[in-house]
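Derivation of every value follows stated rules applied to the coordinates shown; laboratory data play no part. Since the model is a prediction, treat every value here as computed from it, not as a measurement. All Cβ positions, even for glycine, are placed from backbone atoms using ideal geometry, and neighbour counts span all protein chains on display.
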Amino acid sequence: MNAGSTGDAERVVATGFAYPEGPRFDATGTLHVVELAGGTVSRVVDGERQVLAAPGGSPNGAAFDADGMLWVANNGGNWGPNASTGGVAGPGGLRPAAIQVVAPDGTVRDVLTEIDGRPLDSPNDVALDPRGGLWFTDPVWATRDASGSAPASASPPGSVCFTDGERSSRCHTGMVFPNGLALTPDWSELVVGETGTGRILAFPIIEPGRLGEPRVWCELGDGAFPDGMAWDSAGRLVVAGTGSGALFVVSQAGRVDRVAMADVDVTNLCFGGPEGRDLYVTEAALGRVVVLRWDAPGEPLPAGPRLW
């Protein structure tokens, strides 16, 4: 891939973010980024960070729907300490954990805060399906150590959830910090990164809100820590390795290639550009967004704007 194997291929798009995550483009081609430690949703305009909304807590993952609304997983105030946060960790409990919607004018609305009377734990990432249903991960953070870090491998069991506005469910519980997720290009399966084990699990989608038993789709290996992910049109899954300093590129045959990045805290990614061959990556410790030229276009998302 043209991205190469070092951070030298990275071009900086914008800086000044407090633990950036969830990069997504709206229908105008404007890049949006959530900030865990800033409690904000920001846009990148002419290379500058502009705050669109301040929902508080800790916005952690995002996706645009066909109506231009940005769906956000807000974990309530959890993040790890790094350079962009001044070494300070998120304490949790800054606001109720929620799935939120952010309108183009910056208005924020809570859509979901509990399922069957039980509050959400710490929603992490979201994926919209073609019918407007929202799949999301809901991990449970481990007890923090003296530095404020919470090892994902020590996390209590977390869940994969679904909501369509009328019904909501915890579809699977038992993953060790479920994190990034994506529908397969044929929409038949949901792949979910398990940060605590370095595995990617694939769940057959039986119907909206109902998953079959998972299979291990791939093992990224020790020190991988899978986070946000996206498919390219060559059928490869590109996974951000938070704490790994790398992107992991998994082929359909299961081969795993590694692309080294300049920042150890690579949190999420998305494809963009007029041809879909620009890979935008959030680097949390450096507080910035970078772009790499990819050797294949990204696979368009099942829902939301189509830019290529």
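Averaging Cα coordinates gives a centre for segment 176-203 and one for segment 222-273; these two points are 13 Å apart.
So, counting K/R as plus one and D/E as minus one, what does the shell of residues with Cβ under 9 Å around Gly298 add up to? Result for the local shell: -2.
Rounded, prolate or oblate: pick one for segment 153-308, where a ≥ b ≥ c are the square roots of the eigenvalues of its C-alpha gyration tensor, a/c under 1.5 means rounded, and failing that, prolate if a/b is larger than b/c, else oblate. It comes out oblate by the Cα gyration axes. For segment 208-267, the list of chymotrypsin sites (Phe, Trp or Tyr not before Pro) that fall in a loop by DSSP and count at most 11 other C-beta atoms within 10 angstrom is empty. Take every Cα pair under 8 Å whose residues are at least 6 apart in sequence, average their separation, divide by the length of the chain, and the relative contact order is 18 percent. For Trp79, the residues whose amide H sits under 5 Å from its own are Gly90, Gly92, ignoring neighbours fewer than 5 places away on the same chain, with H placed 1.01 Å from N.
Would you work out the relative contact order for segment 59-115, in percent, from Cα pairs under 8 angstrom that are 6 or more residues apart?
That works out to 29 percent.
Near Asn82, once Lys and Arg are set to +1 and Asp and Glu to -1 for all other residues with Cβ below 13 Å from its Cβ, the sum equals -4. Which of rounded, prolate, oblate describes segment 46-178, given a ≥ b ≥ c as roots of the alpha-carbon gyration tensor eigenvalues and a/c under 1.5 marking rounded, otherwise prolate only if a/b is larger than b/c? Here segment 46-178 falls in the oblate category. For segment 31-127, the relative contact order is 24 percent, taking Cα pairs closer than 8 Å that sit 6 or more residues apart in sequence and dividing their mean separation by the residue count.
Near Gly16, once Lys and Arg are set to +1 and Asp and Glu to -1 for all other residues with Cβ below 15 Å from its Cβ, the sum equals -3. Site pair Ala154 and Asp110 shows an inter-label distance of 3.0 nm when each label is modelled 7 Å from Cα along Cα→Cβ.
Sparse packing (at most 14 other Cβ atoms within 10 Å of the Cβ) combined with a DSSP loop state is found for the following trypsin sites (Lys or Arg not before Pro) in segment 254-291: Arg255. Each Lys and Arg contributes +1 and each Asp and Glu -1, all at the Cβ; summed about the Cα centre of the chain, the dipole is approximately 160 debye. Phi angles across segment 151-164 convert, under the Karplus curve 6.51 cos²θ - 1.76 cosθ + 1.60 with θ = phi - 60°, into 3J(HN,Hα) values of x, 4, 5, 9, 6, x, x, x, 10, 10, 10, 8, 8, 10 Hz, Gly and Pro given as x.
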